[in-house]
Amino acid sequence: MPRASSLFQFTWIALADPTRRSILERLSRGEARVTELARPYSMSLNAVSKHIRVLERAHLIRRRRAGREHFLSFDPDPLTSAAAWIEAQRSFWMSRLNALDALLQAEDVTTPKTSKRKDKSR
Amino acid sequence: MKPQPQKAIVQVTRKFNASAERVFDAWLDPNTVGKWLFATPTGKMGKIKIDARIGGSYLIVESRKGTDVEHVGEYVEIDRPRRLVFTLKVPKYSEEITKVTVEIRALGTGCELTLTHEGVLPDYIASTTSGWNMILDQLSATL
């Protein structure tokens, strides 16, 4: 079981590849066998299996065994964590820019620019 | 297999009532940078060195509860007032070098800024974001 931060990195690695994204897209419509998943791609079953392993490592795919058959399904949980992380990062920069805006507005109050035209729209 | 660090891209956009030039200069003027970018109202602003030319480096030190946190990097592109690109590293938290691109376009009497941060690593953010958010909220409140 990877640490949470490693799992994050596995998520990025898994999502970085268009084939893997399209596999997830297919699985989001319902579970499928490995052979079914491989059919649309012009690559070997082995190559597709490698992609599937990368997705499993990121916990984006679940595997269910029924006799000799393996069924794969999509698990969106890691995506939720990744989205939350991106959102935290965005809010960090946004708060920085808010601070800059507050600073510039404070400057306007203490040192009004007479040469510049003021906000006429208000 | 050991995971290779993957780059994530984060982008934010914000409008300002100030001119593009003023907003641009706020990133490179040592007196202004210390008041918002890595400022800590409860702590002390440490050393600020800015060599504002392409290939020039910067060092911004904030002292938080007696711990110095260095922010270092290099200016990659300086195209006033449209575009600023610099690298960013915070050695205390990560050896990873990330890239920040700031694009500013005039909009009415003000401007709109788009910031793109590339190569951000989850490890680094997890250890810093909450602290920074708190600090910035305080800064906004004092101004």
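The values are calculated or read from the model by the stated rules, or taken from the named source; none is laboratory data. Owing to the predicted nature of the structure, the values given are computational and were not obtained by experimental measurement. Note that each Cβ is placed from the backbone with ideal geometry, even for glycine, and that neighbours are counted across all protein chains shown.
Quick notes
- Selection status of B:ILE60, closer than 21 Å to B:VAL10 by Cβ and within 14 Å of another protein chain (Cβ to nearest Cβ): yes
- Candidates A:SER28, A:SER121, A:SER115, filtered to the one that is at pLDDT below 90, surrounded by fewer than 14 Cβ atoms within 10 Å (Cβ to Cβ) and touching a Phe, Trp or Tyr at 6+ places or on another chain (Cβ under 7 Å): A:SER28
- Candidates B:GLY110, B:GLY66, B:GLY56 - the one that is among the small types (Gly, Ala, Ser) and at positive phi: B:GLY66
- Matching residues in region B:85-111 - criterion: being of a type outside the set (D, E, K, R) and over 16 Å from B:VAL10 (Cα atoms): B:VAL90, B:PRO91, B:TYR93, B:SER94, B:ILE104, B:ALA106, B:LEU107, B:GLY108, B:THR109, B:GLY110, B:CYS111
- Unmet requirement for A:ALA106, which otherwise passes all of (1) assigned to a helix (DSSP H, G or I); (2) in contact (Cβ under 8 Å) with a residue 40 or more places away in the chain: (2)
- Within region B:93-113, considering residues that are in contact (Cβ under 8 Å) with a residue 60 or more places away in the chain and either surrounded by fewer than 17 Cβ atoms within 10 Å (Cβ to Cβ) or of a type in the set (Lys, Arg) (or both), the one nearest to B:ASP79 (Cα to Cα): B:ARG105
- Meets criteria (modelled with pLDDT under 85 and in a strand (DSSP E or B)) for B:GLY131: no
- Scanning region A:32-91 for residues that are hydroxyl-bearing (Ser, Thr, Tyr), surrounded by 11 or more Cβ atoms within 10 Å (Cβ to Cβ) and closer than 30 Å to B:GLU118 by Cα returns A:SER81, A:SER91.
- Residue in region B:34-41 that is surrounded by 16 or more Cβ atoms within 10 Å (Cβ to Cβ), of a type in the set (Phe, Trp, Tyr) and either touching a strand residue (DSSP E or B) at 6+ places or on another chain (Cβ under 7 Å) or modelled with pLDDT of 90 or more (or both) present: yes
- Counted residues, region A:96-112 - those being touching a Ser or Thr at 6+ places or on another chain (Cβ under 7 Å) and more than 17 Å from B:ASP25 (Cβ to Cβ): 1
- Within region A:1-79, helices (runs of 4 or more DSSP H) holding 2 or more residues that are within 12 Å of another protein chain (Cβ to nearest Cβ): A:4-15, A:45-57
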